[in-house]
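Engineer: What follows is a single structure, and I will ask about it in a moment.
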């Protein structure tokens, strides 16, 4: 054999040896301070397509060449029928045993087998998975957690995974204290989100029962179905709703996906009113709803993997059709549809991101792992904005109808003055001397001959006689004005008419009245219906502002309940700040629904209520603060009132907390006045002043940075003066 061939063989063997060394996983160090370290880069993974390998074969050394390092923190393989083995080598460099937790950070895995090495070389098998009852888990948590004790030295663990869902090997290592801290940190956020979704579902259900509009019912059902879907995705449904039903826990994901899609289609039908606006689109959406119903029924009988894939394909189909329909309606000029397709687009985009993440196409971060939750939150915000746009459209329509009514009345008045509808003449005693035959168009029982020679009192409704007498007297005095009243037919039926009359002179003396009568019964009925509709819209606007205020009060109450269980003063202060900010926004809506107008707020009255509330809430720690206010009555828009209210809240809160530390008494001065076309808002104190070099842009606290951002938002300027105390001056335009 040539020497060069020997050299090549040796080089290849060296390269393979180096590769085997490069791809061998580094032992993971176990210590008491583990804080959720990701173990993906420490795993050696083996795919078992047949699922027939056992622990003896895997650990025998024959399969070592098939193990390979994945090289990522979160190994993900998407949908697969293979079983997967993972080998994790750990080392405890200390001299004492260390207790730690091994977590599979996904709530959906059919079977998890952990082989723990013993002192004599044997392995102890520990099982988990969502095909087992929830109570069988070692630690009652939404994901799969194993409690381990690591003796000094090196150990090798083997894990076997099998599932009909997505194969996500997201392993993490925790110390018991760090894991408890994780639960204390994440649970309040998740349950606050669940509470928010639940409140929105109940609110829309209440709106449905209040105004009987089906779009509220379908949207409420969609929110409720999404809440169930999110709890299934997070694993809380198995923990709290059906912990003893493993089969349903596995199939509930596909069923809840189809249910959520079904109500999304039904909401599209009712919100866009496709039955009337676009019958062809309505038929397409009904067909899509039928597909979702069939998919939901098949999810109960199909294998889990087939059901999940069907739900994912149905999601893509729903995305394409619903967004296309929403764009079409927006293109036709239906303004709320812009927020509709934007909301659905963001929500479904979040779902797509989550699906791609499940397949392993995207890295793990909050936007991918919580994509659906983020998309749903933004969708609800956009839908709320769309509701505001819809109400604004109602207001514009109201203004348009009023203007058209005024034009119609002016046009009608001109016609009355120039056209002979019913021409009549009265003598000075009020008896008819002439009436045209057009009276038969108004009265079905009188003809002109029946009226001639009779007094006008005989044909006027008794309730309208005082007004008619007064109008007749003014007409005789030369004050010409139209008059509306009711004529009474033989059978007592009343007809609304408008009369325009003038005095008749002979020789400079008034001898009678002449004029024209126009039937305005239909116009009167339309005007009454319009007024009733306007009253209904005003009630609806007030109810909406009232409900927004109540919802914010509920959130504030939830924060108050949360503070009861918190001992850390910094956390309490943070929640108290959130509570005061929510109150400042809720107060705007309270001022709105208690006022006569829905567009502007008396900001002076608002500041007075907010300042006294904040001072009262800190009465225990700052009892000696005196409040002085010089407030000029100024009305600002609703949008600006929210931003300005948050600015006032932050400035007063910071002053109360920091300006008078070390002092028993002090004065807080608030000023609001006009300066030309701008408004000056000033919050000052006689406290200890600000530190040298104070710059709001460089401050680390949320309150000061929030004030700076809000001032920019309202296109204002912020001036800070520090001397004998501190003074914050905000100058902003009265209108944008």
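Engineer: On a full-extension model of 0.36 nm per residue, what is the gain between residue 398 and residue 95, subtracting their alpha-carbon distance, rounded to one decimal in nm? Mind showing how you got there, number by number?
Structural biologist: Values: separation 303, 0.36 × 303 = 109.08 nm, distance 8.03 nm.
Between residue 398 and residue 95, full extension yields 101.0 nm more.
Engineer: Let me ask something else about it. I need the peptides 624-631, 502-509, 220-227 ranked by packing, meaning the mean over residues of other C-beta atoms within 10 angstrom, with the highest value on top. It would help to have the intermediate numbers written out before the result.
Structural biologist: Numbers: 624-631: 13.8, 502-509: 10.8, 220-227: 22.4.
By packing density, highest mean first, the sequence is 220-227, 624-631, 502-509.
Engineer: Quantify how much of the Cα-Cα distance distribution of the stretch 25-174 extends past 25 Å, in percent.
Structural biologist: Working: 2611 of 11175 pairs.
That fraction is 23 percent.
Engineer: Once the Cα atoms of the stretch 603-736 are picked out, what are the Rg and Dmax in Å?
Structural biologist: Values for the stretch 603-736 (Cα only, Rg and Dmax): 14.1, 42 Å.
Engineer: For residue 429 and residue 245, compute 0.36 nm times the residue count separating them, minus their Cα-Cα distance, and round to one decimal in nm.
Structural biologist: Numbers: separation 184, 0.36 × 184 = 66.24 nm, distance 9.30 nm.
Length gained between residue 429 and residue 245: 56.9 nm.
Engineer: With a/c under 1.5 counting as rounded, go ahead and sort the stretch 61-133 into rounded, prolate or oblate using the C-alpha gyration tensor (a ≥ b ≥ c being the square roots of the eigenvalues; past the cut-off, prolate if a/b is larger than b/c, else oblate).
Structural biologist: prolate
Engineer: Hey, got the Cα dimensions of the stretch 419-519 along the principal axes, in Å, largest first?
Structural biologist: That works out to 40, 26, 25 Å along the principal axes.
Engineer: Here's something else I'd like to know. Residue 465 label point, 7 Å along Cα→Cβ, cut-off 12 Å on backbone N: hits in the stretch 482-513?
Structural biologist: Nothing falls inside the zone, counting backbone N under 12 Å.
Engineer: How would you order 712-721, 52-61 from highest to lowest mean count of nearby Cβ atoms within 10 Å?
Structural biologist: Numbers: 712-721: 14.7, 52-61: 12.8.
By packing density, highest mean first, the sequence is 712-721, 52-61.
Engineer: Provide the gained length on full extension for the span residue 187 to residue 406, in nm with one decimal, where the gain is 0.36 nm per separating residue minus the Cα-Cα distance. Don't jump to the answer; show the numbers that get you there.
Structural biologist: Working: separation 219, 0.36 × 219 = 78.84 nm, distance 5.87 nm.
Additional length available on full extension: 73.0 nm.
Engineer: Per-residue counts of other Cβ atoms within 10 Å, averaged by peptide: what ranking do you get for 647-654, 470-477, highest first?
Structural biologist: On the way: 647-654: 23.2, 470-477: 14.5.
Top to bottom by mean Cβ count within 10 Å: 647-654, 470-477.
Engineer: Run the paramagnetic zone check for residue 212: 7 angstrom along Cα to Cβ, then residues of the stretch 243-273 with backbone nitrogen under 19 Å.
Structural biologist: 270-271, 273
Engineer: Give me the distance in nm between label points sitting 7 Å out from Cα along the Cα-to-Cβ direction at residue 180 and residue 52, one decimal.
Structural biologist: With each label placed 7 Å out from Cα toward Cβ, I get 4.8 nm.
Every read-out reported here was derived from the displayed coordinates using simple, explicitly stated rules and does not represent laboratory data. Everything numeric here is computed off the predicted structure, so don't read it as measured data. Heads up, the Cβs are rebuilt from the backbone with ideal geometry, glycines too, and the neighbour counts pull from every protein chain shown.
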